[in-house]
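One structure is given here, and the rest of the page talks about it.
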Amino acid sequence: MARLAQTAGLTDVQQEILSTVRDFVDKEIIPVATGLEHRDEYPQQIVDGLKELGLFGLMIPEEYGGLGESLLTYALCVEEIARGWMSVSGIINTHFIVAYMLKQHGTQEQKDHFLPRMAAGDIRGAFSMSEPGLGSDVSAITSKAVKDGDEYVLNGQKMWLTNGGTSSLVAVLVRSDEGHPEGTAPHKSMTTFLIEKEPGFGEVRPGLTIPGKIDKMGYKGVDTTELIMDGLRVPADRVLGGVTGRGFYQMMDGVEVGRVNVAARGCGVAQRAFELGVQYAQQRHTFGKPIAQHQAIQFKLAEMGTKVEAAHAMMVNAARKKDSGERNDLEAGMAKYLASEYCKEVVEDAFRIHGGYGFSKEYEIERLYREAPMLLIGEGTAEIQKMIIGRRLLEEYRFQG
Ligand SMILES: Cc1cc2nc3c(=O)[nH]c(=O)nc-3n(C[C@H](O)[C@H](O)[C@H](O)COP(=O)(O)OP(=O)(O)OC[C@H]3O[C@@H](n4cnc5c(N)ncnc54)[C@H](O)[C@@H]3O)c2cc1C
């Protein structure tokens, strides 16, 4: 984009990575995205290209074969990719969260075992908290792990796994009673298990079934699935970090960086909607002039551009805060909340600018219109973000009377 959503202070390396990704998006993603999306087809060629670019290892430390880049670099790449097609950023996002959780919380053996192959994109990650009966209320998880010798036996049903079919490693959050007596606070009796499996559908490992793809209104191409554990046996050394009872905190840490990522996706989709709207407004004529010359449309463009700019600035701020080693839950929550709401609004305005043509599947905005709502839900709904923001603000601005 020529003027909007620029980021000051990037290093030469960051600029080079971004320009490579932007070029890839313009040449390899945008021209094919809508066709693939309409066919709900997995973008294998695009994924292979991203693998070649090293995108799956962008934030994995160099000692494990990754590029060791910052959250900011990662978020800016995600923004570019989502500008091309949001589903592709979804393919990377859960992989990135699992790699991040391993890097932060894994045992040395777990890091050595998974991270090099994750950096190469040969192992791809999914993460799973949600169940049919819960999403926002993670503390209500009912899936269970029971210790049996050197193994755990897992039972329960999970819901809404992005990359559930195509991944070969799933980080699954379950309740584990071992060492945590009855009455322990729910978030202290949860454990993350690292579950390796074959990609695909059906019984992908004894005791583990991925039934099939959930049919969705948008965010197509990327597979979203259920996961059923029925007597699934997992060795004790596949407890993330080697100690039970820490899963809730590990997952929340992962989701926090994931929120910056969802904000970045909102920025990317909004930028694309702005690009489509501003182009169309100069081509379509009514009452003897391009609609861009009607003040009502110019006002729309002004609002859209302002929202694109504001969301980008907040997303960059949240990423930089985390990169500097500071707690960023407030900034990440704000960025995710604002970027996803603005994204929906910018897409809606671009859709309106297109008039009736926006309703036609021939126009890209039709796809964006079905994709934007997912960002209002994933990695915590707007209401959940506002709960986090509100709580943190009250901590920061405690009344001292
Ligand atoms: C396409 C897609 C992909 C997904 N991928 C994943 C994934 O990879 N892994 C994973 O674990 N999950 C995933 N999810 C699940 C997602 O995280 C949840 O859908 C989300 O957290 C909301 O949970 P829910 O759907 O159960 O809604 P609910 O929690 O039932 O909420 C319903 C409504 O009530 C509101 N609400 C809930 N509690 C409160 C409250 N205390 N105060 C005010 N309002 C409240 C919510 O904001 C929402 O509007 C995915 C979802 C989708 C749609």
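What follows draws every value from the coordinates through simple rules; no lab data is involved. Since we're looking at a predicted model, the values are computed, not measured. Every residue, glycine as well, gets a Cβ built from its backbone with ideal geometry; the counts of neighbours run over all protein chains shown.
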Next on the checklist: Contact list please: Cβ distance under 7 Å, first residue in the stretch 109-125 and surrounded by fewer than 19 Cβ atoms within 10 Å (Cβ to Cβ), second residue among the hydroxyl-bearing types (Ser, Thr, Tyr) and assigned to a helix (DSSP H, G or I), pairs at least six apart or on different chains.
Outcome noted: PRO116/TYR64
Next on the checklist: Conditions first: (1) in contact (Cβ under 8 Å) with a residue 60 or more places away in the chain; (2) surrounded by fewer than 16 Cβ atoms within 10 Å (Cβ to Cβ); (3) of a type in the set (S, T, N, Q). THR142 passes all but one, so which condition is the exception?
Outcome noted: (1)
Item to check | Candidate set: the stretch 233-290, residues that are without any contact (Cβ under 8 Å) to a residue 12 or more places away in the chain and β-branched (Val, Ile, Thr); chosen: the one farthest from GLY358 (Cα to Cα) | outcome: VAL243
Checklist entry - Of all the residues that make up the stretch 345-386, how many are crowded, with 18+ Cβ neighbours inside 10 Å, outside any helix (DSSP H, G or I) and either away from the ligand (no atom under 16 Å from the Cβ) or on the phi > 0 side of the Ramachandran plot (or both)? => result 4
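Can you tell me which residue in the stretch 317-341 is surrounded by the most Cβ atoms within 10 Å (Cβ to Cβ), limited to those that are in a helix (DSSP H, G or I) and among the acidic types (Asp, Glu)?
Within the stretch 317-341, the first condition is being in a helix (DSSP H, G or I), and the residues that meet it are 317-323, 329-341.
Right, trim to among the acidic types (Asp, Glu) and you get 323, 329, 331, 341.
On the way: ASP323: 17, ASP329: 19, GLU331: 23, GLU341: 18.
Filtering the stretch 317-341 for residues that are in a helix (DSSP H, G or I) and among the acidic types (Asp, Glu), the one surrounded by the most Cβ atoms within 10 Å (Cβ to Cβ) comes out as GLU331.
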Checklist entry - Just for the stretch 120-171: of the residues that are away from the ligand (no atom under 12 Å from the Cβ) and of a type in the set (A, V, I, L, M), which one is farthest from PRO235 (Cα to Cα)? => result ALA120
Checklist entry - Which of the residues that make up the stretch 176-196 are surrounded by 20 or more Cβ atoms within 10 Å (Cβ to Cβ) and within 16 Å of the ligand (Cβ to nearest atom)? => result MET190, THR191, THR192, PHE193, LEU194, ILE195
Next on the checklist: Under 7 Å between Cβ atoms, which residue pairs at least 6 apart in sequence (or on different chains) link something in the stretch 207-228 that is in a strand (DSSP E or B) with a partner that is aromatic (Phe, Trp, Tyr) and surrounded by fewer than 17 Cβ atoms within 10 Å (Cβ to Cβ)?
Outcome noted: ILE210/PHE201
Item to check | Test result for GLY241, assigned to a loop (DSSP other than H, G, I, E, B) and at positive phi | outcome: no
Checklist entry - When only residues in the stretch 200-257 that are within 16 Å of the ligand (Cβ to nearest atom) and basic (Lys, Arg) count, which is farthest from LEU102 (Cα to Cα)? => result LYS216
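Any residue at all in the stretch 13-23 that's surrounded by fewer than 23 Cβ atoms within 10 Å (Cβ to Cβ), out of contact with any helix residue (DSSP H, G or I) (no Cβ under 7 Å at 6 or more places or on another chain) and hydroxyl-bearing (Ser, Thr, Tyr)? Full working, then the answer.
If we filter the stretch 13-23 for residues that are surrounded by fewer than 23 Cβ atoms within 10 Å (Cβ to Cβ), which is where we start, we get 13-16, 18-20, 22-23.
Filter once more, so that each one left must be out of contact with any helix residue (DSSP H, G or I) (no Cβ under 7 Å at 6 or more places or on another chain): 13, 15-16, 19, 23.
After this cut, where a residue has to be hydroxyl-bearing (Ser, Thr, Tyr) as well, the list is 19.
Within the stretch 13-23 (the criterion being surrounded by fewer than 23 Cβ atoms within 10 Å (Cβ to Cβ), out of contact with any helix residue (DSSP H, G or I) (no Cβ under 7 Å at 6 or more places or on another chain) and hydroxyl-bearing (Ser, Thr, Tyr)), the answer is yes, since at least one residue qualifies.
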